[in-house]
Amino acid sequence: MDTAQNRLVIALSGDIDHHKASRLRQEIDATVEAKRPEILELDFHNVTFMDSSGIGLIMGRYRLVTGWNGRLYVTHVPPQIQKLMQLAGLGTLPIFEAPGKEGM
Amino acid sequence: MKPINECRMRFPSLSANEAYARSVVSAFAVQCDPTVNELNDLRTAVSEAVTNCIVHAYRDTIGEIQLHMRLFEGGRVVVRIRDRGCGIEDIAKAREPLFTTGGEERSGLGFSVMESFTDKLRVTSRPGSGTTVTLEKHIHGRSEAGETV
């Protein structure tokens with residue numbers, strides 16, 4: 001994790017499924033609620049698998065951060081997981097950074 | 001029609017077995033020489049079905065999940081996930097995108113994912129008895145996709 005300009009980057013890794021999601025949520029929220037960053041970035045570079053439990057995780061973090069007018073970004077998403085996120089309708093949310101920057 | 005290969009597994013509805021079920025299905029599908037995408041589609045769909053058993057079917061208890069995998073001629077993989085849990089009252093409603101009986105952190109997308117990532121999805125259930133989800137995925141394989149070994 002690294003913080004700069006009130007941007008908190010959390011690098012996720014491994015499989016994100018129902019089994020992992022609960023503990024992940026607790027770990028993320030412990031840090032996020034303490035720091036209340038303007039920008040929370042979830043970096044998916046090292047994520048090896050995700051199912052819809054991960055969608056729930058992202059949506060919950062989105063609600064959390066927008067609760068204090070913060071922004072959530074989801075970056076370095078592997079292609080298969082992009083497919084899932086598109087199916088889930090996450091493409092309609094402003095969580096993918098503009099083309100030319102990191103992200104989708 | 002007889003399968004050219006099959007495998008049956010039974011395991012308890014522990015969430016640690018979600019990853020295990022994905023590995024098992026991946027291992028079974030390898031004989032079809034799937035592309036990365038085909039394999040990921042199949043294991044994601046199975047992950048959703050198994051998760052439903054754990055989160056919903058056996059919500060406050062631990063029960064048995066049966067996984068039955070069959071391979072038919074032409075790369076057709078059929079995976080059946082069966083539980084003896086609480087069952088689904090209204091299957092059509094359950095299959096609606098975003099509908100969930102699971103609370104705030106559940107996305108309600110399990111069946112949508114299963115439907116999108118496989119070629120055929122069948123759900124049968126009897127409340128109080130259990131649910132059976134049958135997924136079919138046609139694996140065309142890497143050589144057909146033009147991928148080199």
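No value in this document is a laboratory result; all are computed from the given coordinates. All values reported here derive from a predicted model rather than from experimental measurement. Because the Cβ atoms are built from the backbone with ideal geometry, glycine has one as well, and the counts that use them run over all protein chains shown.
Between B:G110, B:G87, B:G128, which gets the highest mean-square fluctuation from a Gaussian network model of chain B, Cα cutoff 10 Å?
B:G128
Given Cβ point charges of +1 (Lys, Arg) and -1 (Asp, Glu) and nothing else, what value in debye, to the nearest 20, does the dipole of chain B about its Cα centre take? If you can, show how the numbers build up before the last one.
Numbers: 19 positive and 20 negative charges, 108 e Å.
Charge dipole, chain B, about its Cα centre: 520 debye, nearest 20.
Of A:M50, A:T66, A:A11, which is farthest towards the positive pole of chain A's charge dipole, taken about the Cα centre with +1 and -1 on the beta-carbons of Lys, Arg and Asp, Glu respectively?
Farthest towards the positive pole: A:T66.
Quick one: 3J(HN,Hα) in Hz for the range B:132-146, Karplus 6.51/-1.76/1.60 with θ = phi - 60°, rounded, Gly and Pro as x.
10, 10, 10, 10, 10, 9, 8, 8, 7, x, 6, 5, 5, 7, x
Pairs of Cα atoms under 8 Å, at least six residues apart: use those to get the relative contact order of chain B, whole percent. Don't skip to the end; give the middle numbers.
On the way: 289 pairs, mean separation 41.3, N = 149.
Over chain B, the number comes to 28 percent.
List the pair-distance distribution P(r) of chain B, using every Cα-Cα distance, as the percent of pairs falling in each 5 Å bin from 0 up to the bin containing the longest distance, rounded to whole percents.
Computed distribution, short to long bins: 2, 10, 20, 23, 20, 13, 8, 4, 1, 0.
Kindly identify the range B:56-140 as rounded, prolate or oblate by the Cα gyration tensor criterion: order the square roots of the eigenvalues as a ≥ b ≥ c, call it rounded if a/c is under 1.5, otherwise compare a/b with b/c, prolate if a/b is larger, else oblate.
Details: a/c = 2.25, a/b = 1.45, b/c = 1.55.
Oblate is the answer for the range B:56-140, as a/c is 1.5 or above yet b/c matches or exceeds a/b.
Among A:G91, B:P34, B:L98, flag the residue with its Cα farthest along the positive direction of the charge dipole of the protein assembly as shown, charges on Cβ as +1 for Lys/Arg and -1 for Asp/Glu.
Of the listed residues, the answer is B:L98.
Could you tell me which residue out of A:V32, B:A145, B:T61 lies farthest along the dipole of the protein assembly as shown toward its positive end? Charges go on the beta carbon: Lys and Arg +1, Asp and Glu -1, centred on the Cα centre.
The residue sitting most towards the positive pole is B:T61.
If we count every other residue with Cβ under 10 angstrom of A:N6's Cβ, Lys/Arg +1 and Asp/Glu -1, where does the sum land?
Values: positive: A:R7, A:K35, A:R36; negative: A:E38.
Here the count lands on +2.
In debye, nearest 20: dipole of the protein assembly as shown around its Cα centre with unit charges on the Cβ of K, R (+) and D, E (-)? Don't skip to the answer; put the middle values down first.
On the way: 30 positive and 32 negative charges, 113 e Å.
So the magnitude is around 540 debye.
Just counting partner chain Cβ atoms within 10 Å, what average do the residues of peptide B:51-60 show around their Cβ? Let's see the in-between values first.
On the way: counts 7, 1, 0, 2, 2, 0, 0, 0, 0, 0.
So the per-residue partner count for this stretch is 1.
Convert each backbone phi in the range B:90-103 into a coupling constant with the Karplus relation 6.51 cos²θ - 1.76 cosθ + 1.60 (shift: θ = phi - 60°), then list the ³J(HN,Hα) values in order as whole Hz, x for Gly and Pro.
With the stated coefficients, the range B:90-103 comes to 10, 5, 4, 5, 4, 7, 5, x, 6, 6, 9, 10, x, x Hz.
In percent, what relative contact order does the range A:14-75 have, based on Cα pairs under 8 Å that are 6 or more apart in sequence?
Values: 66 pairs, mean separation 30.0, N = 62.
Relative contact order of the range A:14-75: 48 percent.
If you put +1 on each Lys and Arg Cβ and -1 on each Asp and Glu Cβ, how big is the dipole of chain A around its Cα centre, in Debye rounded to 20?
On the way: 11 positive and 12 negative charges, 46 e Å.
In debye, rounded to 20, chain A gives about 220.
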